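Contents: one structure, followed by commentary.
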Amino acid sequence: MKKNQLFIMPLFLGISLSSLSACSVDSGLDIQPGITLTPEQPNPVPKDGQVTTFTTAANGFTLLKQGSLQLQQGGSMAPTTIYIDPAKADQSIDGFGFAITYSTCYNLLHMDARERADFLKRTYSETEGYGVSYARISIGCNDFSSTEYTLCDEPGLENFRLYQDEKDYVIPILKEILAINPRLKIVAAPWTCPRWMKVADIRTKAPHNAWTDGHLNPDYYADYAAYFVKFVQAMQAEGINIYAVSPQNEPLNKGNCASTYMPWQEQAAFVKELAKAFKQQKLTTKIYLYDHNYDYQQTADQEDYPVKIYNALGNDFEGAEYVVGAAYHDYGGSNSELTDIYSKAPDKELIFSESSIGTWNDGRNLSTRLLKDMNSVTLGTLNQHCKAVLVWNLMLDEKMGPNLDGGCQTCYGAVDIASDYRTLNYNSHYYIITHLSSVVKPDAVHLDTSARSSAPKDMVYSAFRNADGSLAIVFSNSSSNNQLVTVFDGSRHFQAEIPGESVMSCIWK
């Protein structure tokens with residue numbers, strides 16, 4: 001991703017604290033000294049007959065606050081009732097998560113080991129935390145790497161190797177996370193192919209020895225597919241399974257710090273080779289196409305990019321079963337594009353793979369971002385057929401780094417860490433991901449609630465059934481007023497008062 005707008009960075013608000021159990025949050029408010037705003041220690045297992053709730057207010061004074069509501073037998077005559085039919089399922093859910101970049105790992109590894117372990121447990125544990133279950137990494141460098149590099153910078157695949165960013169930073173942190181949550185899924189994407197594989201155009205095949213722009217030389221399609229195989233196998237050798245890849249991060253973005261231009265016609269040809277290589281090597285890694293914005297960079301012949309590839313390739317090629325769907329970002333266009341793509345390819349999966357906050361959208365102000373991000377990034381994509389939602393960096397420092405020139409110089413992390421490497425500033429993206437993860441588990445299904453439900457104005461919600469049979473619903477109330485909602489699951493009901501300008505997650509057996 002790339003965001004280079006110049007804005008005045010708001011002052012970093014941080015209260016220096018000695019452990020994760022007392023961390024500051026910049027809510028955009030004038031918070032008095034001595035008041036600590038603390039995400040509570042989660043305990044998401046609901047008791048029989050009760051609904052466990054988590055609530056976060058945009059004003060920052062309620063942060064993942066846990067509570068409980070009473071289940072009542074039978075239905076309700078309340079005018080604003082949401083009817084859940086546990087048998088009416090839509091897409092399955094793979095999970096929710098953050099990008100684990102070099103910069104994220106650099107900052108984490110500068111923390112005290114015990115405090116880092118507490119933070120990761122709180123974030124990823126399914127029994128002692130919020131159960132975040134997905135991560136995104138790069139194949140080679142990205143905006144938040146130590147330098148530009150690929151995993152094979154010298155010509156010839158015999159020169160393939162993991163770089164120090166992987167070996168010394170990303171892999172150690174992934175191993176710590178996997179020790180906490182072995183069910184973590186990982187999706188990976190390259191920002192560029194090796195420069196020796198690049199050409200200025202695929203007709204003349206003139207060399208393009210640059211980190212940005214350029215095309216993948218068709219003569220190297222098989223070699224580049226083998227490069228992906230080597231990456232998956234190298235990570236497997238480290239005990240890390242790569243659940244999915246996309247062939248190219250932001251394939252229509254020529255100007256990122258590292259990039260390769262890959263219009264749909266060229267991605268279709270390469271993906272055919274990639275799928276064949278995965279099948280021949282007996283990998284289980286899925287392939288998600290596209291991995292870019294809703295608006296296709298406003299390029300007319302690239303509209304419906306993944307659908308054009310599905311139609312061009314059909315299903316009669318080796319490894320076709322590996323090409324499972326498409327991934328989207330939100331730096332241009334509307335998420336209504338998800339429904340459009342689903343209508344044209346209902347047998348294919350959709351995931352949302354990247355969104356950022358930063359100086360351009362007041363990203364450290366919870367009162368500005370919480371509801372907007374909840375409605376557009378998470379609930380807005382889940383309600384339009386996405387089975388996973390990922391946001392960008394889990395953690396950056398208070399100076400928005402480390403980062404690379406040419407990449408995003410104005411991004412914030414889901415969590416920002418102060419120069420003491422102890423004080424944590426939680427931003428909206430941390431809350432929108434943990435609100436879903438706390439009640440919606442991998443292998444859940446999204447439930448259809450549209451037929452009879454009547455929600456209050458300014459309320460957005462999504463309902464789910466987990467694999468263990470528990471039910472969940474997540475609300476976002478954009479009204480400034482508290483709103484009373486009744487939820488009926490076919491045999492029982494409960495009433496929840498959703499505070500004004502707040503998010504509430506609910507789970508019950």
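Values in this text are rule-based calculations from the coordinates and carry no lab data. Here the structure is a predicted model, which means the values were calculated and not measured. Reconstructed Cβ throughout: ideal geometry from the backbone, glycine too, with neighbour counts over all protein chains shown.
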Just to confirm my numbers, what's the Cα centroid distance between the stretch 284-325 and the stretch 194-245 in Å? 18 Å
Label model pair S450, A206: point-to-point distance (7 angstrom along the Cα→beta-carbon line) in nm is 5.1 nm
PRE reach from Q297 (point 7 Å along Cα→Cβ): which of the stretch 211-230 fall under 16 Å by backbone N? 211-217
Considering only C-alpha atoms, what is the centroid distance from the stretch 401-420 to the stretch 477-496, in Å? 38 Å
List the lysines whose Cα lies under 17 Å from the Cα of K279, skipping any in the same chain that are fewer than 8 positions away. K230
Could you work out how far apart the two model spin labels at S479 and K47 are, taking each label as a point 7 Å from the Cα in the direction of the beta carbon, and quote it in nm? 3.0 nm
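Can you sort H446, H110 by how many other beta carbons sit within 10 Å, fewest first? If you can, show how the numbers build up before the last one.
Values: H446 21, H110 14.
Going from sparsest to densest Cβ surroundings: H110, H446.
Can you compute the charge dipole magnitude of the chain about its Cα centre, using +1 on each Lys and Arg Cβ and -1 on each Asp and Glu Cβ, nothing else charged? Give it in debye, rounded to the nearest 20.
Roughly 740 debye, rounded to the nearest 20.
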Once label points are set 7 Å from the Cα along Cα→Cβ at both K279 and A467, what is their separation, rounded to one decimal in nm? 2.7 nm
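Multiply the residue separation of Q265 and D316 by 0.36 nm, subtract the distance between their alpha-carbon atoms, and state the gained length in nm to one decimal.
Values: separation 51, 0.36 × 51 = 18.36 nm, distance 1.74 nm.
Contour length minus the Cα-Cα distance gives 16.6 nm.
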In a Debye calculation with equal point scatterers on the alpha-carbon sites of the chain and no solvent, what is log10 I(q)/I(0) at q = 0.09, 0.13 Å⁻¹? -0.60, -1.25
Show which lysines lie in cross-link reach of K344 when reach means a straight Cα distance below 26 angstrom and same-chain residues fewer than eight apart are skipped. K88, K272, K276, K286, K308, K387
Can you say what percent of the DSSP beta bridges in the chain, counting only those with both residues inside, are antiparallel? Round to 5. 55 percent
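On full extension of the chain, what length is gained from D213 through K175, given 0.36 nm per residue of separation minus the C-alpha to C-alpha distance?
Numbers: separation 38, 0.36 × 38 = 13.68 nm, distance 3.32 nm.
Full extension of this stretch gives 10.4 nm more.
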